[in-house]
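One structure is given below, encoded as structure tokens.
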Amino acid sequence: MLSLTPVLTVSYEAKISFLFLSAMEFAVGILANAFIVLVNVWDVVKKQPLNNCDIALLCLSITRLFLQGLLLLDAIQLACFQQMKDPLSHNYQAILTLWMIANQVSLWLAACLSLLYCSKIVRFSHTFPFHVASWVSRRFLQMLLVALLLSCICTALCLWDFFCRSHSMATSLLHLNSTEFSLQIAKLNFFYSFIFCNVGSVPPSLAFLVSSGVLVISLGSHMRTMKSQTSGSRDPSLEAHIRAIIFLISFFCFYVVSFCAALISIPLLMLWHNKWGVMICIGMMAACPSGHAAILISGNAKLRRAIETMLFWLQSRQKVRTVHKVPPRTL
């Protein structure tokens, strides 16, 4: 059986470094996702209509803001309050449960966005996929509301399971004299809660993978068609394929890294009691939302224009200040 050396405590310098890194990741994630939210909210204030992609990105960024806050709380709880020799505190379990819920909501939103990209970019030749794609394009807002409703149902089930298990655990501890046996029950309860909360990720994962696969196949077919033609002009369809696939692959990679880090952190917490390993896992989990937000900004034309406008405004302000600081020439 795989075993690791328990690391029950870490040095004060290591805790400070971990909290500093967590605060930096939190700041980057908040700035990037808040920028996406503010750009789209400003368009709403100016009464400019948001397209379906902007609405999905707005919802996804709001979810990411919540994720970043939970991960910062997770880091503070681990570094300052959670002792590795003790069972998981109720607060720590609640933070991890809320993180799983928020991560699942972001997966539902990413699946909707993937289906939207697929319906807008891929050219279907068969009747049934063509009608499905046109339905997604026309009914995207309704589909997004259904996804949010399903997310709310999964959230209610996860919270119900969490509170029921917490109540049953507190009741069983009153009737059990064996501390070691009660700790084993607590570990199994939280592991079952983790599995139960992530069962709801299966449908959006399948939708995301299928639509992403269709996009990749469509890109391959489009590139073969372009090779047979000698046109050297700019191809908007190819660029749209590449932008969509970069977004989807990056999201999938970040999601897998975040989920695997969360999965590995559970035995590190409850079986191996390795605090260093849990800190590394939380750092990886916190880097994923901010990293994907940066990719979204770099690949979205409207967000890039907003950044260019903001940088131009800052440069002009700096030039004005520099001019005012130059002393007048004396004759």
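The values are calculated or read from the model by the stated rules, or taken from the named source; none is laboratory data. Remember, it's a predicted structure, so these values are computed and weren't measured experimentally. Cβ sites come from the backbone with ideal geometry, for glycine too, and all protein chains shown count toward neighbours. Heads up: the accessible areas ignore ligands, DNA and RNA and are worked out on the full protein's heavy atoms, side chains in. Shrake-Rupley method; radii C 1.70, N 1.55, O 1.52, S 1.80 Å.
For the reader, a short list of remarks on this structure follows.
- Residue match in the range 223-231 (condition: open to solvent by 30 Å² or more (accessible area, probe 1.4 Å), closer than 30 Å to L58 by Cα and hydrophobic (A, V, I, L, M, F, W, C)): no
- Some residue of the range 81-95 being within 22 Å of S258 (Cα to Cα), among the β-branched types (V, I, T), at pLDDT below 95 and in a helix (DSSP H, G or I): yes
- Taking the criterion of being open to solvent by less than 40 Å² (accessible area, probe 1.4 Å) and closer than 24 Å to E13 by Cα, the residues of the range 50-88 that qualify are Q68, G69, L70, L71, D74, A75, Q77, L78, A79, Q82, M84, L88.
- Verdict on P267 being open to solvent by less than 20 Å² (accessible area, probe 1.4 Å) and either among the small types (G, A, S) or part of a helix (DSSP H, G or I) (or both): no
- Residue in the range 8-25 that is within 14 Å of the chain's Cα centre (by Cα) and either open to solvent by 20 Å² or more (accessible area, probe 1.4 Å) or modelled with pLDDT of 95 or more (or both) present: yes
- Restricting attention to the range 15-47, the residues that are more than 22 Å from A293 (Cβ to Cβ) and free of Cβ contacts under 8 Å to residues at least 60 places away in the same chain add up to 4.
For every residue, the table says whether it meets (1) touching a residue at least 40 places away in the same chain (Cβ under 8 Å); (2) surrounded by fewer than 17 Cβ atoms within 10 Å (Cβ to Cβ).
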| site | (1), (2) |
| --- | --- |
| H241 | yes, no |
| F247 | yes, no |
| V256 | no, yes |
| A261 | no, no |
| N274 | yes, no |
| M279 | yes, no |
| A286 | yes, no |
| I297 | yes, no |
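- Only one entry of W135, W108 meets the criterion of being part of a helix (DSSP H, G or I) and buried (at least 16 other Cβ atoms within 10 Å of the Cβ), and that entry is W108.
- Filtered by the rule that a residue be under 14 Å from A110 (Cβ atoms) and open to solvent by 20 Å² or more (accessible area, probe 1.4 Å), the range 192-211 gives P203, S205, L206, A207, L209, V210.
- Qualifying residue in the range 29-36 (condition: over 17 Å from L296 (Cβ atoms) and modelled with pLDDT of 90 or more): no
- Against the conditions (1) within 25 Å of V214 (Cα to Cα); (2) touching an Asp or Glu at 6+ places or on another chain (Cβ under 9 Å), P49 satisfies every one except (1).
- Selected residue (criterion: nearest to D161 (Cα to Cα)) from residues of the range 195-234 that are free of Cβ contacts under 8 Å to residues at least 12 places away in the same chain and in a loop (DSSP other than H, G, I, E, B): R234
- Condition met for S61 (hydroxyl-bearing (S, T, Y), assigned to a helix (DSSP H, G or I), more than 30 Å from N274 (Cβ to Cβ) and in contact (Cβ under 8 Å) with a residue 24 or more places away in the chain): yes
- Failed item in (1) modelled with pLDDT of 90 or more; (2) more than 13 Å from I101 (Cα to Cα); (3) open to solvent by 40 Å² or more (accessible area, probe 1.4 Å), with N177 passing the rest: (1)
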